[in-house]
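> Okay, handing you the structure first.
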Amino acid sequence: FIIADGITDSESLNSVSCGNDEGFWTICSDATIRFQNVGKQILTKSGKMPIDIAVTRSGDLVYTDAWNKSINIVTDSENQENISLKGLIPKYVCSASYGDFLVSMQDAMITPAFTEVVRFFGNTPGHSIRWDKEKRTPIYKPGSLGSLRLSENRNMDICVADWSAGEVVVVSYVGKLRFRYKGRSSMFRPSGIATDSQ
């Protein structure tokens, strides 16, 4: 168990993402993103607390900022590249297999807000996963405000904890629905998800 030198008892950590052997990234209660054990910190462009962070395989830090509807990529040189999203609110982010990353987002222009997962290759968006093409229905529950935490498993399936729907939704790399897991009781409300090497 690791105790970071920079964390105090009064701080609240909202997200943690692996960095390298020297430390790890956290979102702190003062709205900064800090690399614990080294003392490096990043201020968001909006000055507000980001929703989530992830570190890509190439070592870039990615954070989502719902305040200015942007995804931000911070390189080793600390340059921040801003991906501005029109009408979309980015939520949670995870690193994926090929140095790309996945972001869950909401469409702020539609009520109830549609939710989707988009794969990004650097600053370039790839395909969007929103619809079950066979059933012609949304894959994720519309209006799933703040709940779509996600992870990619070793098969490159995208696994999403949909808190509002009370289920875990798994789709293939290209977005084909594999299965839904609804838990063993009506109280099942997954608020996070992780996958291991299996």
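The values are calculated or read from the model by the stated rules, or taken from the named source; none is laboratory data. Computed from a prediction, not measured in an experiment: that's the story for all the values here. Neighbour counts run over all protein chains shown; Cβ positions are idealised from the backbone, glycine included. To get the accessible areas, we keep the full protein, side chains included, count just its heavy atoms, and leave off ligands, DNA and RNA. Shrake-Rupley method; radii C 1.70, N 1.55, O 1.52, S 1.80 Å.
> Could you give me the radius of gyration and the Dmax of region 76-198, taking only the C-alpha atoms into account and expressing both in angstrom?
So, for region 76-198, Rg and Dmax equal 14.4, 48 Å respectively.
> Now a separate question. Hey, which lysines would be in cross-link range of LYS48, C-alpha to C-alpha under 28 Å, not counting anything within fewer than 8 residues on its own chain?
Once the sequence-local lysines are set aside, what remains near LYS48 is LYS40, LYS69, LYS86, LYS91, LYS141.
> A further question on this structure: Report the net charge of residues surrounding ALA165, where surrounding means a beta-carbon distance below 12 angstrom and charges are Lys +1, Arg +1, Asp -1, Glu -1. Before the final figure, lay out the partial values.
Numbers: positive: LYS141, ARG180, LYS182, ARG189; negative: ASP162, GLU167.
Net local charge, ALA165 excluded: +2.
> Same structure, new question: Test of understanding: what is the full-extension gain from LYS135 to ASN153, defined as 0.36 nm times their sequence separation minus their Cα-Cα distance?
On the way: separation 18, 0.36 × 18 = 6.48 nm, distance 2.44 nm.
Result: 4.0 nm gained on full extension.
> Could you tell me what a quarter of the Cα convex hull surface of region 41-144 works out to, in nm² with one decimal place? Mind dumping the intermediate values first?
On the way: hull surface 27.4 nm².
The Cα convex hull of region 41-144, projected and averaged over all directions, gives 6.8 nm².
> While we're looking at this one, here's another question. Along region 43-50, what does the Karplus equation 6.51 cos²θ - 1.76 cosθ + 1.60 (θ = phi - 60°) give for ³J(HN,Hα), rounded to whole Hz, x for Gly and Pro?
Computed from phi, the couplings for region 43-50 are 9, 5, 5, 7, x, 9, 5, x Hz.
> Calculate what fraction, in whole %, of the accessible area of region 42-123 sits on carbon and sulfur atoms when a 1.4 Å probe is rolled over the protein chains. Please list the in-between numbers first.
Details: 1830 of 3510 Å².
Roughly 52 percent, rounded to a whole number.
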